[in-house]
Ligand code: GLA
């Protein structure tokens, strides 16, 4: 510690150029949203839309470990696993209302008494994967403990349990404040010592809205920087000489600035980002302080202070990105620690489309809900489809729009509505997460009810192939009159899927010229004299020349796979 002088003799330090000082100046900077620069989230999962089952749509809070395991068995025994369904996802209500003595989440002590790790092992033994759920809030939507502010612990817990899918809801979310603290000094000390370097706001470089103000009631110089909020301004100290590598305490001397909560990011050497929140205060004095531990390198270090959060969207993006990173960190850590292969966790963002997750979702996770919750009725399904069909450009391998879990087989949906719902999700390249009772597909004698209409839909391999096509391109609506839509989805090998959708209550004739499909720049179908068409639900093959047309029943679709006849 001999290299350090007492912080109280900061003038001495400055005179002796121990900390090179930057001239205070204001440089107008753009208030670019942080999201733009963030990397794509990629963990090797969901290269095609994830397929599985989740407990919420049908079972709500009536779940327990036996039910989940029975569903997993039914997934395997019914042949659904062979069709590609692999995740068995436990939605809300799996957790105890109290964390354990180490602050870790645990299964409900009465309904999941064996614990989630044991359930993972049993489900894995069937060749399937287990998924789990919490909320990006202080509680889940059913008011149970959740992961906001517990991201690292919970991600590690899930990784240790061997969970492979994680749905992160948005109930009880607390947004990151857009306000920023007002900073007068930054002091760096070694833990266990009060000696250190103090940097003064008036010596910093200011950008954007950052501005130096004075409050004579403050101790020391009374000068502080304001204007660091809402991605509008920042304060820099470059070239701060640090005598040795190591861990330091960074103490912010603050100007108490009202009752609103504040958030600050400290970027050190352009790489390490530390964040802290500052509760609104109304103290006796005008001086406040906040402390974090940082790692510094010997030699010159740079420090940037700002709040890059300008909106609810920034906040949600940052919080989900944070959890995504923690999951990736945790799965690697656990794999190394246990000397086994990494089990990446498919990360499902469930923020209901509130903060346009299609814009930032690919920087945070593998899929993002586009709308509020689905219900097992035609209006709900069509409403969600209408919102999601517009978002085609955001979907692709590894990162998908999620129009919510399927309701096929639930409520009073007709056979046509079930087929239409499933077809639309296939065309949308949507995750196929089933929401019905899979146990119904197995007869009491253990045999599979192959005639079950719902099972036939969910296991239609030709429809699934459209959804799972490796190109990973979401369909586009190329024609619509409001009641009837024509959707086109490019597929591998220059093939396409076409879906005629009749949303209305009367039978409709829908037709489309092949030239209209071909001229869409995204469609890969070559122009040809004849085309081979496979009507997927009728399972009939036929040829066409110039146009495709069909009578489509109410609340129904026609689903085709088409290739040029060579
Ligand atoms: C929210 C989600 C649903 C479900 C419930 C559970 O409503 O959007 O999908 O997870 O919470 O409480």
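Relative to the dominant Cα principal axis of the chain, helix 151-161 is inclined by about 50°. Each 10 Å bin, from zero up to the one with the longest distance, holds this percent of the alpha carbon pairs of region 182-308: 13, 47, 34, 6.
Seen against the Cα atoms of the chain and their longest principal axis, helix 116-125 is set at about 40 degrees. Here residue 143 and residue 312 are evaluated by their C-beta separation; at R0 = 25 Å the FRET efficiency comes out at 0.65. Taking packing as the residue-averaged number of other Cβ atoms within 10 angstrom, the listed peptides 429-440, 118-129, 409-420 run from highest to lowest as 429-440, 409-420, 118-129. For region 432-566, the Stokes-Einstein estimate of translational diffusion at 10 °C and a viscosity of 1.306 mPa s comes to 98 µm²/s, using the Kirkwood hydrodynamic radius over alpha-carbon pairs.
Diffusion coefficient of region 456-496 by Stokes-Einstein, Kirkwood radius over Cα pairs, 37 °C, 0.692 mPa s: 286 µm²/s. Residue exposure proxy: 262, 513, ordered by other Cβ atoms within 10 angstrom of their Cβ from fewest to most, comes out as 513, 262. Each label point was placed 7 Å from the Cα along the Cα-to-Cβ direction; for residue 532 and residue 440 their separation is 3.6 nm.
Contact order normalised by length for the chain, with contacts defined as Cα pairs under 8 Å and 6 or more residues apart; what percent is it? Intermediate values should be presented prior to the final figure.
Numbers: 1362 pairs, mean separation 80.1, N = 566.
In percent, rounded to a whole number, it is 14.
In terms of overall dimensions, region 295-447 has a Cα radius of gyration and Dmax of 20.3, 74 angstrom. Once you divide the Cα radius of gyration of the chain by 2.2 N^0.38 Å, the number left is 1.16. In this rough spin-label picture, where each label sits 7 Å from Cα along the Cβ direction, the residue 414-residue 549 distance is 2.3 nm. Please find the FRET efficiency linking residue 215 to residue 333, where r is the Cβ-Cβ separation and R0 is fixed at 56 Å, and quote it to the nearest 0.05. With R0 = 56 Å, the Cβ-Cβ based efficiency is 0.80. Taking N as the residue count of region 473-536, its C-alpha radius of gyration divided by 2.2 N^0.38 Å amounts to 1.14. Exposure proxy ranking for 240, 448, 90, 488, based on other Cβ atoms within 10 angstrom of each Cβ and starting from the fewest, stands as 448, 240, 488, 90.
Can you check how the C-alpha radius of gyration of region 293-379 compares to 2.2 N^0.38 Å, as a plain ratio? Provide the component values of the computation, followed by the final result.
Details: Rg = 18.0 Å, N = 87, 2.2 N^0.38 = 12.0 Å.
Output field value: 1.50.
Given a Förster distance of 56 Å, report the FRET efficiency between residue 96 and residue 462 from their Cβ-Cβ distance, rounded to the nearest 0.05. For R0 = 56 Å, the calculated efficiency reads 0.80. This ranking places 389, 533, 408 by how few other beta-carbon atoms lie within 10 Å of each, fewest first, which gives 533, 389, 408. Only Cα pairs under 8 Å and 6+ residues apart enter the sum, and on that basis the relative contact order of region 182-308 stands at 30 percent. Please compute, over every Cα-Cα pair in region 99-211, the percentage with a separation greater than 17 angstrom. Roughly 69 percent, once rounded to a whole number. What angle, in degrees between 0 and 90 and rounded to the nearest 10, separates the Cα long axis of helix 415-427 from the longest principal axis of the Cα atoms of the chain? Tilt of helix 415-427: around 50 degrees.
Remark: the residue 61-residue 245 segment gains 61.1 nm on full extension, using 0.36 nm per residue and subtracting the alpha carbon distance. Rounded to the nearest 500, the 222 nm mean residue ellipticity of the chain from helices alone is -6000 deg cm²/dmol, with -39,500 (n - 2.57) taken per DSSP H run of at least 4 residues. At full extension, residue 276 and residue 453 could sit 58.3 nm farther apart than now, given 0.36 nm per residue minus the alpha carbon distance.
Throughout, read-outs are computed from the coordinates displayed, never taken from laboratory work. Since this is a predicted model, take the numbers as computed values, not measurements. Please note: Cβ atoms are built from the backbone with ideal geometry, for glycine as well, and neighbour counts cover all protein chains shown.
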